[in-house]
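Structure first, commentary second.
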Amino acid sequence: HYGSPVTRRLTPYVPGEQPKLGNLVKLNTNENPYGPSPRVLAAIQAELSDNLRLYPDPNAERLKQTIADYYDVTPAQVFVGNGSDEVLAHVFHGLLQHSTPLLFPDITYSFYPVYCGLYGIDFATVPLAEDFTLRVADYPRPNGGIIFANPNAPTGCLLSLAGIEWLLERNRDSVLVVDEAYIDFGGETAIPLVDRYPNLLVTQTLSKSRSLAGLRVGLAVGHPELIEALERIKNSFNSYPLDRLAIAGAVAAFEDREYFERTRQAVIASRTTLVAALAGLGFDVLPSAANFVFARHPRRDAAALAAALRERHVIVRHFRLPRIEQFLRITVGNPEQNAALLAALGQILREVEACD
Ligand SMILES: *Cc1c(COP(=O)(O)O)cnc(C)c1O
(Lines give C-alpha, C1' and ligand atoms only; values in the text may rest on other atoms or scores of the structure.)
Protein backbone atom coordinates (compact mmCIF):
# COMPACT_ATOMS: atom_id res chain seq x y z
CA HIS A 1 0.00 0.00 0.00
CA TYR A 2 2.22 2.77 -1.28
CA GLY A 3 -0.76 4.96 -2.31
CA SER A 4 -1.74 7.75 0.05
CA PRO A 5 -5.00 7.22 2.04
CA VAL A 6 -6.85 9.61 -0.29
CA THR A 7 -6.59 7.14 -3.18
CA ARG A 8 -8.56 4.56 -1.21
CA ARG A 9 -11.29 7.04 -0.34
CA LEU A 10 -11.97 8.03 -3.97
CA THR A 11 -14.84 6.70 -6.08
CA PRO A 12 -13.67 7.49 -9.62
CA TYR A 13 -15.93 8.32 -12.55
CA VAL A 14 -16.52 5.43 -14.96
CA PRO A 15 -16.67 6.67 -18.56
CA GLY A 16 -18.69 4.86 -21.22
CA GLU A 17 -16.89 2.01 -22.93
CA GLN A 18 -14.45 2.79 -25.77
CA PRO A 19 -14.52 -0.63 -27.43
CA LYS A 20 -11.49 -2.01 -29.23
CA LEU A 21 -13.74 -3.75 -31.78
CA GLY A 22 -14.31 -1.73 -34.94
CA ASN A 23 -17.63 -3.17 -36.10
CA LEU A 24 -19.86 -1.76 -33.36
CA VAL A 25 -22.59 0.82 -33.74
CA LYS A 26 -21.32 3.07 -30.98
CA LEU A 27 -24.13 5.11 -29.44
CA ASN A 28 -22.92 5.15 -25.82
CA THR A 29 -20.79 8.27 -25.21
CA ASN A 30 -22.52 11.07 -27.15
CA GLU A 31 -19.75 11.53 -29.68
CA ASN A 32 -20.69 13.25 -32.92
CA PRO A 33 -21.33 10.84 -35.83
CA TYR A 34 -19.81 13.36 -38.23
CA GLY A 35 -16.07 13.90 -38.28
CA PRO A 36 -14.47 17.24 -37.44
CA SER A 37 -14.48 20.02 -40.03
CA PRO A 38 -11.94 19.49 -42.84
CA ARG A 39 -10.56 22.90 -41.87
CA VAL A 40 -9.80 21.55 -38.39
CA LEU A 41 -7.87 18.62 -39.86
CA ALA A 42 -5.97 20.97 -42.20
CA ALA A 43 -5.08 23.30 -39.31
CA ILE A 44 -3.76 20.37 -37.26
CA GLN A 45 -1.75 19.11 -40.28
CA ALA A 46 -0.26 22.57 -40.73
CA GLU A 47 0.83 22.54 -37.10
CA LEU A 48 2.73 19.26 -37.50
CA SER A 49 6.26 20.57 -37.77
CA ASP A 50 9.54 21.00 -35.97
CA ASN A 51 7.70 23.49 -33.79
CA LEU A 52 6.44 20.56 -31.73
CA ARG A 53 9.80 20.74 -29.94
CA LEU A 54 8.60 24.06 -28.45
CA TYR A 55 6.09 24.38 -25.62
CA PRO A 56 2.69 25.71 -26.66
CA ASP A 57 1.41 29.13 -25.56
CA PRO A 58 0.57 28.53 -21.86
CA ASN A 59 -2.33 30.98 -22.14
CA ALA A 60 -3.64 29.79 -25.52
CA GLU A 61 -4.22 33.48 -26.38
CA ARG A 62 -5.21 32.76 -29.99
CA LEU A 63 -7.92 30.35 -28.90
CA LYS A 64 -9.20 32.64 -26.15
CA GLN A 65 -9.44 35.52 -28.66
CA THR A 66 -11.28 33.29 -31.15
CA ILE A 67 -13.79 32.19 -28.50
CA ALA A 68 -14.16 35.79 -27.24
CA ASP A 69 -14.95 36.97 -30.78
CA TYR A 70 -17.38 34.10 -31.29
CA TYR A 71 -19.37 34.86 -28.14
CA ASP A 72 -18.87 38.62 -28.11
CA VAL A 73 -16.99 38.71 -24.79
CA THR A 74 -13.38 39.64 -23.93
CA PRO A 75 -10.47 37.17 -23.68
CA ALA A 76 -10.29 37.99 -19.95
CA GLN A 77 -13.72 36.35 -19.65
CA VAL A 78 -12.53 33.09 -21.24
CA PHE A 79 -10.81 30.06 -19.69
CA VAL A 80 -9.70 27.00 -21.68
CA GLY A 81 -8.62 23.55 -20.59
CA ASN A 82 -7.90 19.96 -21.55
CA GLY A 83 -11.51 18.96 -22.12
CA SER A 84 -14.36 20.44 -20.11
CA ASP A 85 -13.83 17.68 -17.54
CA GLU A 86 -10.53 19.36 -16.63
CA VAL A 87 -12.19 22.79 -16.68
CA LEU A 88 -14.88 21.42 -14.34
CA ALA A 89 -12.23 19.92 -12.04
CA HIS A 90 -10.65 23.38 -11.66
CA VAL A 91 -14.11 24.91 -11.15
CA PHE A 92 -14.88 22.50 -8.30
CA HIS A 93 -11.43 23.00 -6.81
CA GLY A 94 -11.28 26.78 -7.13
CA LEU A 95 -14.87 28.05 -7.03
CA LEU A 96 -17.15 25.50 -5.37
CA GLN A 97 -15.31 24.52 -2.19
CA HIS A 98 -17.14 26.28 0.68
CA SER A 99 -18.50 25.62 4.15
CA THR A 100 -22.14 25.44 2.96
CA PRO A 101 -23.01 22.53 0.65
CA LEU A 102 -22.83 22.70 -3.12
CA LEU A 103 -26.22 22.01 -4.74
CA PHE A 104 -26.88 19.93 -7.86
CA PRO A 105 -29.78 17.81 -9.15
CA ASP A 106 -30.17 14.21 -7.98
CA ILE A 107 -29.92 13.20 -11.63
CA THR A 108 -27.19 14.98 -13.56
CA TYR A 109 -23.66 14.48 -14.87
CA SER A 110 -22.26 11.74 -12.63
CA PHE A 111 -18.80 13.33 -12.56
CA TYR A 112 -20.00 16.08 -10.16
CA PRO A 113 -20.08 13.89 -7.01
CA VAL A 114 -16.71 12.44 -8.06
CA TYR A 115 -15.10 15.90 -8.04
CA CYS A 116 -16.73 16.54 -4.66
CA GLY A 117 -15.03 13.39 -3.37
CA LEU A 118 -11.68 14.40 -4.85
CA TYR A 119 -11.71 17.90 -3.36
CA GLY A 120 -13.63 17.13 -0.16
CA ILE A 121 -16.61 19.31 -1.11
CA ASP A 122 -19.81 18.96 0.91
CA PHE A 123 -22.84 18.67 -1.40
CA ALA A 124 -26.60 18.17 -1.31
CA THR A 125 -28.66 16.86 -4.20
CA VAL A 126 -31.95 18.47 -5.18
CA PRO A 127 -34.52 16.08 -6.72
CA LEU A 128 -35.67 16.82 -10.25
CA ALA A 129 -39.45 16.96 -10.74
CA GLU A 130 -41.35 13.78 -11.55
CA ASP A 131 -41.01 14.53 -15.28
CA PHE A 132 -37.23 15.04 -14.83
CA THR A 133 -37.36 18.80 -15.35
CA LEU A 134 -35.35 21.06 -13.05
CA ARG A 135 -37.42 23.18 -10.65
CA VAL A 136 -35.43 26.38 -10.15
CA ALA A 137 -37.62 27.27 -7.16
CA ASP A 138 -35.97 24.45 -5.17
CA TYR A 139 -32.53 26.10 -5.27
CA PRO A 140 -32.67 29.50 -3.57
CA ARG A 141 -31.34 28.61 -0.07
CA PRO A 142 -27.94 28.93 1.59
CA ASN A 143 -25.42 27.10 -0.59
CA GLY A 144 -21.73 27.03 -1.49
CA GLY A 145 -22.55 27.03 -5.20
CA ILE A 146 -24.97 25.50 -7.70
CA ILE A 147 -24.10 23.40 -10.73
CA PHE A 148 -26.20 21.64 -13.35
CA ALA A 149 -25.92 20.60 -16.96
CA ASN A 150 -28.19 22.38 -19.45
CA PRO A 151 -29.50 20.52 -21.35
CA ASN A 152 -29.24 18.12 -18.45
CA ALA A 153 -27.43 14.81 -18.71
CA PRO A 154 -28.45 12.05 -19.06
CA THR A 155 -32.06 13.25 -19.44
CA GLY A 156 -31.66 15.76 -22.32
CA CYS A 157 -34.16 18.11 -20.64
CA LEU A 158 -33.63 21.82 -21.23
CA LEU A 159 -34.07 24.67 -18.76
CA SER A 160 -34.99 27.97 -20.42
CA LEU A 161 -32.76 31.02 -20.23
CA ALA A 162 -35.60 32.72 -18.32
CA GLY A 163 -35.38 29.95 -15.71
CA ILE A 164 -31.63 30.46 -15.33
CA GLU A 165 -32.09 34.21 -14.98
CA TRP A 166 -34.86 33.70 -12.38
CA LEU A 167 -32.36 31.70 -10.34
CA LEU A 168 -29.53 34.21 -10.83
CA GLU A 169 -31.79 36.97 -9.52
CA ARG A 170 -32.31 34.98 -6.31
CA ASN A 171 -28.85 33.49 -5.90
CA ARG A 172 -26.37 36.36 -5.69
CA ASP A 173 -23.94 35.10 -3.06
CA SER A 174 -22.54 31.95 -4.63
CA VAL A 175 -21.34 30.82 -8.03
CA LEU A 176 -23.86 29.28 -10.45
CA VAL A 177 -22.20 26.98 -12.99
CA VAL A 178 -24.13 26.00 -16.11
CA ASP A 179 -22.48 23.05 -17.90
CA GLU A 180 -23.48 23.56 -21.54
CA ALA A 181 -21.85 20.44 -23.01
CA TYR A 182 -24.93 19.92 -25.23
CA ILE A 183 -26.30 23.45 -25.65
CA ASP A 184 -25.65 23.63 -29.41
CA PHE A 185 -28.15 20.82 -30.07
CA GLY A 186 -31.23 22.70 -28.98
CA GLY A 187 -30.79 25.38 -26.33
CA GLU A 188 -29.83 28.99 -25.98
CA THR A 189 -26.46 29.64 -24.31
CA ALA A 190 -26.41 31.60 -21.04
CA ILE A 191 -23.14 33.30 -22.05
CA PRO A 192 -24.86 36.66 -22.84
CA LEU A 193 -25.88 36.79 -19.14
CA VAL A 194 -22.30 36.80 -17.81
CA ASP A 195 -21.96 40.58 -18.21
CA ARG A 196 -24.93 41.12 -15.86
CA TYR A 197 -24.27 38.33 -13.34
CA PRO A 198 -20.67 38.21 -12.03
CA ASN A 199 -21.39 34.89 -10.26
CA LEU A 200 -22.39 33.04 -13.47
CA LEU A 201 -19.91 30.66 -15.07
CA VAL A 202 -20.79 28.80 -18.28
CA THR A 203 -18.74 25.78 -19.38
CA GLN A 204 -18.72 24.20 -22.83
CA THR A 205 -16.82 21.50 -24.70
CA LEU A 206 -15.67 20.91 -28.27
CA SER A 207 -16.23 17.16 -27.76
CA LYS A 208 -19.85 16.96 -28.80
CA SER A 209 -21.18 19.62 -31.17
CA ARG A 210 -17.75 20.21 -32.73
CA SER A 211 -16.86 16.53 -33.14
CA LEU A 212 -13.55 16.81 -31.27
CA ALA A 213 -13.83 14.43 -28.30
CA GLY A 214 -10.39 13.07 -29.23
CA LEU A 215 -8.68 16.48 -29.15
CA ARG A 216 -9.67 17.38 -25.53
CA VAL A 217 -10.69 21.02 -25.49
CA GLY A 218 -13.15 22.64 -23.08
CA LEU A 219 -13.85 26.21 -22.04
CA ALA A 220 -15.53 28.42 -19.49
CA VAL A 221 -16.91 31.95 -19.85
CA GLY A 222 -17.59 34.25 -16.90
CA HIS A 223 -16.56 37.36 -15.01
CA PRO A 224 -12.79 38.10 -15.22
CA GLU A 225 -12.52 37.50 -11.44
CA LEU A 226 -13.88 33.96 -11.79
CA ILE A 227 -11.55 33.35 -14.74
CA GLU A 228 -8.60 34.73 -12.77
CA ALA A 229 -9.37 32.27 -9.94
CA LEU A 230 -9.42 29.41 -12.45
CA GLU A 231 -6.09 30.59 -13.94
CA ARG A 232 -4.52 30.50 -10.49
CA ILE A 233 -5.63 26.88 -10.04
CA LYS A 234 -4.55 25.92 -13.57
CA ASN A 235 -1.12 27.54 -13.15
CA SER A 236 -0.65 25.62 -9.92
CA PHE A 237 -1.39 22.36 -11.71
CA ASN A 238 -0.30 22.33 -15.39
CA SER A 239 0.93 25.36 -17.35
CA TYR A 240 0.25 23.73 -20.74
CA PRO A 241 -3.07 21.89 -20.69
CA LEU A 242 -3.64 22.55 -24.40
CA ASP A 243 -0.98 21.37 -26.81
CA ARG A 244 -0.16 23.04 -30.13
CA LEU A 245 -2.38 20.70 -32.15
CA ALA A 246 -5.36 21.23 -29.84
CA ILE A 247 -5.04 25.01 -29.99
CA ALA A 248 -4.79 25.02 -33.81
CA GLY A 249 -7.70 22.59 -34.23
CA ALA A 250 -9.95 24.37 -31.74
CA VAL A 251 -9.42 27.76 -33.40
CA ALA A 252 -10.36 26.29 -36.79
CA ALA A 253 -13.43 24.58 -35.27
CA PHE A 254 -14.84 27.95 -34.15
CA GLU A 255 -13.91 29.60 -37.46
CA ASP A 256 -15.71 27.06 -39.65
CA ARG A 257 -19.24 28.15 -38.79
CA GLU A 258 -20.74 26.70 -41.95
CA TYR A 259 -19.58 23.13 -41.19
CA PHE A 260 -20.65 23.45 -37.56
CA GLU A 261 -24.13 24.60 -38.57
CA ARG A 262 -24.57 21.87 -41.18
CA THR A 263 -23.54 18.95 -38.93
CA ARG A 264 -25.43 20.34 -35.95
CA GLN A 265 -28.63 20.55 -38.01
CA ALA A 266 -28.07 17.02 -39.34
CA VAL A 267 -27.89 15.68 -35.77
CA ILE A 268 -31.02 17.63 -34.76
CA ALA A 269 -32.93 16.27 -37.79
CA SER A 270 -31.81 12.71 -36.95
CA ARG A 271 -32.96 13.19 -33.36
CA THR A 272 -36.48 14.06 -34.53
CA THR A 273 -36.62 10.93 -36.70
CA LEU A 274 -35.15 8.74 -33.94
CA VAL A 275 -37.59 9.98 -31.28
CA ALA A 276 -40.57 9.25 -33.54
CA ALA A 277 -39.27 5.77 -34.40
CA LEU A 278 -38.59 4.89 -30.74
CA ALA A 279 -42.09 6.04 -29.83
CA GLY A 280 -43.35 3.79 -32.63
CA LEU A 281 -41.61 0.85 -30.91
CA GLY A 282 -43.45 1.69 -27.70
CA PHE A 283 -40.74 3.64 -25.86
CA ASP A 284 -41.43 6.67 -23.66
CA VAL A 285 -38.87 9.24 -24.75
CA LEU A 286 -38.07 12.37 -22.72
CA PRO A 287 -38.05 15.58 -24.77
CA SER A 288 -34.39 16.03 -25.73
CA ALA A 289 -32.47 19.20 -26.56
CA ALA A 290 -29.20 17.23 -26.75
CA ASN A 291 -27.48 14.79 -29.14
CA PHE A 292 -28.88 11.82 -27.22
CA VAL A 293 -32.28 10.60 -26.15
CA PHE A 294 -33.32 9.12 -22.82
CA ALA A 295 -35.94 6.42 -23.32
CA ARG A 296 -37.72 3.73 -21.35
CA HIS A 297 -39.83 0.83 -22.50
CA PRO A 298 -42.89 0.36 -20.29
CA ARG A 299 -42.59 -3.46 -20.33
CA ARG A 300 -38.93 -4.25 -21.04
CA ASP A 301 -36.06 -4.13 -18.58
CA ALA A 302 -33.48 -1.55 -19.65
CA ALA A 303 -30.43 -3.58 -18.59
CA ALA A 304 -31.73 -6.58 -20.55
CA LEU A 305 -32.36 -4.38 -23.60
CA ALA A 306 -28.85 -2.92 -23.41
CA ALA A 307 -27.35 -6.41 -23.18
CA ALA A 308 -29.42 -7.67 -26.10
CA LEU A 309 -28.39 -4.65 -28.16
CA ARG A 310 -24.76 -5.34 -27.38
CA GLU A 311 -25.13 -8.91 -28.66
CA ARG A 312 -26.26 -7.30 -31.90
CA HIS A 313 -23.20 -5.00 -31.87
CA VAL A 314 -25.06 -1.85 -30.86
CA ILE A 315 -23.85 -0.16 -27.67
CA VAL A 316 -25.89 2.34 -25.67
CA ARG A 317 -25.50 3.64 -22.10
CA HIS A 318 -27.39 2.23 -19.14
CA PHE A 319 -27.00 3.67 -15.62
CA ARG A 320 -27.75 1.49 -12.61
CA LEU A 321 -28.91 4.46 -10.56
CA PRO A 322 -32.10 5.23 -8.59
CA ARG A 323 -34.99 6.70 -10.65
CA ILE A 324 -33.30 6.07 -14.01
CA GLU A 325 -32.40 2.37 -14.01
CA GLN A 326 -35.17 1.61 -16.50
CA PHE A 327 -33.86 4.14 -19.03
CA LEU A 328 -31.42 3.82 -21.89
CA ARG A 329 -29.36 6.79 -22.99
CA ILE A 330 -28.94 6.54 -26.72
CA THR A 331 -26.63 8.86 -28.66
CA VAL A 332 -28.16 10.25 -31.86
CA GLY A 333 -26.11 8.68 -34.66
CA ASN A 334 -26.11 9.29 -38.39
CA PRO A 335 -29.09 7.87 -40.34
CA GLU A 336 -27.32 4.51 -40.92
CA GLN A 337 -26.43 4.06 -37.24
CA ASN A 338 -29.94 5.00 -36.16
CA ALA A 339 -31.42 2.53 -38.65
CA ALA A 340 -29.15 -0.22 -37.28
CA LEU A 341 -30.23 0.59 -33.72
CA LEU A 342 -33.92 0.58 -34.63
CA ALA A 343 -33.64 -2.67 -36.59
CA ALA A 344 -31.91 -4.36 -33.64
CA LEU A 345 -34.46 -3.00 -31.15
CA GLY A 346 -37.34 -4.10 -33.39
CA GLN A 347 -35.90 -7.62 -33.54
CA ILE A 348 -35.32 -7.81 -29.78
CA LEU A 349 -38.83 -6.61 -28.96
CA ARG A 350 -40.44 -9.02 -31.44
CA GLU A 351 -38.44 -11.92 -30.01
CA VAL A 352 -39.37 -11.25 -26.40
CA GLU A 353 -43.00 -10.65 -27.37
CA ALA A 354 -43.09 -14.05 -29.10
CA CYS A 355 -41.91 -15.63 -25.81
CA ASP A 356 -44.52 -13.86 -23.64
C1 LIG B 1 -19.29 15.14 -22.21
C2 LIG B 1 -19.58 16.01 -21.05
C3 LIG B 1 -18.58 16.75 -20.43
C4 LIG B 1 -17.12 16.54 -20.72
O5 LIG B 1 -16.70 16.92 -21.93
P6 LIG B 1 -15.15 16.83 -22.29
O7 LIG B 1 -14.87 18.19 -22.83
O8 LIG B 1 -15.06 15.76 -23.32
O9 LIG B 1 -14.35 16.53 -21.07
C10 LIG B 1 -18.93 17.63 -19.42
N11 LIG B 1 -20.20 17.74 -19.00
C12 LIG B 1 -21.18 17.00 -19.53
C13 LIG B 1 -22.56 17.15 -19.01
C14 LIG B 1 -20.90 16.10 -20.55
O15 LIG B 1 -21.86 15.33 -21.04
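A few remarks follow.
- Under Stokes-Einstein, with the Kirkwood radius over Cα pairs as Rh, the value for the range 212-356 at 20 °C and 1.002 mPa s is 117 µm²/s.
- The trypsin sites (Lys or Arg not before Pro) found in the range 289-333 that occupy coil by DSSP, while having at most 14 further C-beta atoms within 10 Å, are R299, R320, R323.
- Centroid-to-centroid separation of the range 307-356 and the range 19-47 [C-alpha atoms, Å]: 23
- For the range 1-135: span of alpha carbons on each principal axis (Å, largest first): 47, 45, 44
- Values of log10 I(q)/I(0), in the order q = 0.15 Å⁻¹, for the chain under a Debye, Cα-only, solvent-free model: -1.38
- Our summary of shape: the Cα atoms of the range 92-185 have principal axis extents of 32, 26, 25 Å, ordered from largest down, in whole angstrom.
- Largest GNM mean-square fluctuation across D131, D106, D50, computed for the chain with C-alpha springs under 10 Å, falls on D50.
- Model label sites at H313 and S236, defined 7 Å from Cα along the beta-carbon direction, differ in position by 5.1 nm.
- Of the solvent-accessible surface of the range 60-113, computed with a 1.4 Å probe over protein heavy atoms with every protein chain present, carbon and sulfur atoms account for 49 percent.
- Full-stretch length increase - A124, V14 - with 0.36 nm per residue and alpha-carbon distance subtracted: 37.5 nm
- More than 17 angstrom apart: percent of Cα pairs within the range 36-108: 67
- Choice from V293, V80, V314 with maximal GNM fluctuation in the chain (Cα, 10 Å cutoff): V314
- Computed Rg/Rh of the range 154-208, alpha carbon atoms with Kirkwood Rh: 0.96
- Taking the centroid of alpha carbons for each part, the range 89-151 and the range 195-239 are 18 Å apart.
- Put a plus charge on the Cβ of each Lys and Arg, a minus charge on the Cβ of each Asp and Glu, and nothing anywhere else: the dipole of the range 60-205 about its Cα centre is then about 300 debye.
The values are calculated or read from the model by the stated rules, or taken from the named source; none is laboratory data. This one's a predicted model, so the numbers in the text were calculated from it and none came from an experiment. Every residue, glycine among them, receives a Cβ derived from its backbone with ideal geometry; neighbour counts consider all protein chains shown. These accessible areas exclude ligands, DNA and RNA; they are computed on the full protein's heavy atoms, side chains included. Shrake-Rupley method; radii C 1.70, N 1.55, O 1.52, S 1.80 Å.
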